[in-house]
Amino acid sequence: MKIGIGNDHVAVEYKEEISKYIEEKYGYEIVNFGTDSTERFNYPESGKAVADAVAGGTVDKGIVICGTGVGIGISANKVKGIRCVICSEPYSARLSRQHNNTNMIAFGSRVVGLELAKMIVDEWLTAEYEGGHHQVRVDMISEMEK
Ligand code: RB5
């Protein structure tokens with residue numbers, strides 16, 4: 001499993017902590033598309049880079065982090081084929097996989113503490129898409145991209 005990760009300048013250390021957590025707990029490969037500098041960095045750049053990698057299949061899933069998660073999550077959702085949940089708690093993270101088949105997640109380093117972020121990541125990485133009647137709705141979203 002390959003996870004693309006992206007961030008802006010307000011989430012550099014946070015990105016490193018989350019990456020380390022995933023590598024150590026799950027043994028997944030992390031591909032870094034974010035900035036490693038605290039110099040001002042425009043979040044759409046790494047939001048798009050991770051989304052392109054997910055949509056193109058070079059990574060399996062994507063995690064993007066900015067101050068709120070909002071800007072980088074909106075950016076990711078502009079890429080065709082991306083369903084990125086912007087969330088701050090584990091319940092929506094889990095349900096977004098089970099019902100919406102999300103392939104990316106966004107959260108904010110200024111909103112979500114690191115321990116809560118790890119719980120969010122755990123729920124999101126371990127939940128499985130349920131398909132069935134949910135697929136009709138996911139297909140309707142895909143139709144909107146045509
Ligand atoms: C950067 O100051 C901040 O605007 C950004 O990290 C993010 O919160 C945008 O949505």
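The values are calculated or read from the model by the stated rules, or taken from the named source; none is laboratory data. Just so you know, these numbers come straight off a predicted model, no measurement behind them. Counting neighbours? That spans all protein chains shown, and the Cβs are built from the backbone with ideal geometry, glycine included.
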- Query: Pick from Ile120, Ile105: which is closer than 17 Å to Ile141 by Cβ and modelled with pLDDT of 95 or more?
  - Reply: Ile105
- Note on the structure: Checked pairs for the stretch 24-35, first aliphatic (A, V, I, L, M), second in a loop (DSSP other than H, G, I, E, B), C-beta under 8 Å and 6 or more apart or across chains, list as Val31/Thr58; Val31/Val59
- If you scan the stretch 106-120, which residues turn out to be in contact with a helix residue (DSSP H, G or I) (Cβ under 8 Å, 6 or more places away or on another chain) and within 15 Å of the ligand (Cβ to nearest atom)? Ala106, Phe107, Gly108, Ser109, Arg110, Val112, Ala117
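Listed here are the residues, each with its yes/no results for (1) surrounded by 14 or more Cβ atoms within 10 Å (Cβ to Cβ); (2) more than 10 Å from the chain's Cα centre (by Cα).
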{"position": "Ile72", "(1), (2)": "yes, no"}
{"position": "Lys80", "(1), (2)": "no, yes"}
{"position": "Arg83", "(1), (2)": "yes, no"}
{"position": "Arg97", "(1), (2)": "yes, yes"}
{"position": "Ala106", "(1), (2)": "yes, no"}
{"position": "Lys118", "(1), (2)": "yes, yes"}
{"position": "Met140", "(1), (2)": "no, yes"}
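Would you check if Ser19 is at pLDDT 95 or above, of a type outside the set (D, E, K, R), in contact with an Asp or Glu (Cβ under 8 Å, 6 or more places away or on another chain) and in a helix (DSSP H, G or I)?
Details: at pLDDT 95 or above: yes; of a type outside the set (D, E, K, R): yes; in contact with an Asp or Glu (Cβ under 8 Å, 6 or more places away or on another chain): no; in a helix (DSSP H, G or I): yes.
Against the criterion (at pLDDT 95 or above, of a type outside the set (D, E, K, R), in contact with an Asp or Glu (Cβ under 8 Å, 6 or more places away or on another chain) and in a helix (DSSP H, G or I)), Ser19 does not qualify.
Would you be able to say whether some residue in the stretch 66-78 is of a type in the set (Val, Ile, Thr), in contact with an Asp or Glu (Cβ under 8 Å, 6 or more places away or on another chain) and within 16 Å of the ligand (Cβ to nearest atom)? Show your work before the answer.
First, pick out the residues of the stretch 66-78 that are of a type in the set (Val, Ile, Thr): 68, 70, 72, 74.
Applying the additional criterion that residues be in contact with an Asp or Glu (Cβ under 8 Å, 6 or more places away or on another chain) yields 72.
Remaining after also requiring within 16 Å of the ligand (Cβ to nearest atom): 72.
Yes, there is a match, as at least one residue in the stretch 66-78 is of a type in the set (Val, Ile, Thr), in contact with an Asp or Glu (Cβ under 8 Å, 6 or more places away or on another chain) and within 16 Å of the ligand (Cβ to nearest atom).
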- Query: In the stretch 22-52, which residue that is in a loop (DSSP other than H, G, I, E, B) and within 13 Å of the chain's Cα centre (by Cα) is surrounded by the fewest Cβ atoms within 10 Å (Cβ to Cβ)?
  - Reply: Phe33
- Task: Filter the stretch 53-67 down to residues that are on the phi < 0 side of the Ramachandran plot and surrounded by fewer than 20 Cβ atoms within 10 Å (Cβ to Cβ), then give me how many there are.
- Result: 5
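Please find, within the stretch 10-36, the residue that is farthest from Gly73 (Cα to Cα) out of those that are within 14 Å of the ligand (Cβ to nearest atom) and not hydrophobic (A, V, I, L, M, F, W, C). Explain how you work it out, then say what you get.
The initial filter retains those residues of the stretch 10-36 that are within 14 Å of the ligand (Cβ to nearest atom), namely 10-15, 34-35.
Going one step further and asking which of them are not hydrophobic (A, V, I, L, M, F, W, C), we end up with 13-15, 34-35.
On the way: Glu13: 19, Tyr14: 16, Lys15: 15, Gly34: 13, Thr35: 16 Å.
This residue is Glu13.
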- Note on the structure: Residue pairs within 8 Å by beta carbon, gap of at least six or interchain, first lying in the stretch 67-93 and in a loop (DSSP other than H, G, I, E, B), second among the hydroxyl-bearing types (Ser, Thr, Tyr) and within 14 Å of the ligand (Cβ to nearest atom), listed first then second, are Gly67/Ser109; Gly69/Ser88
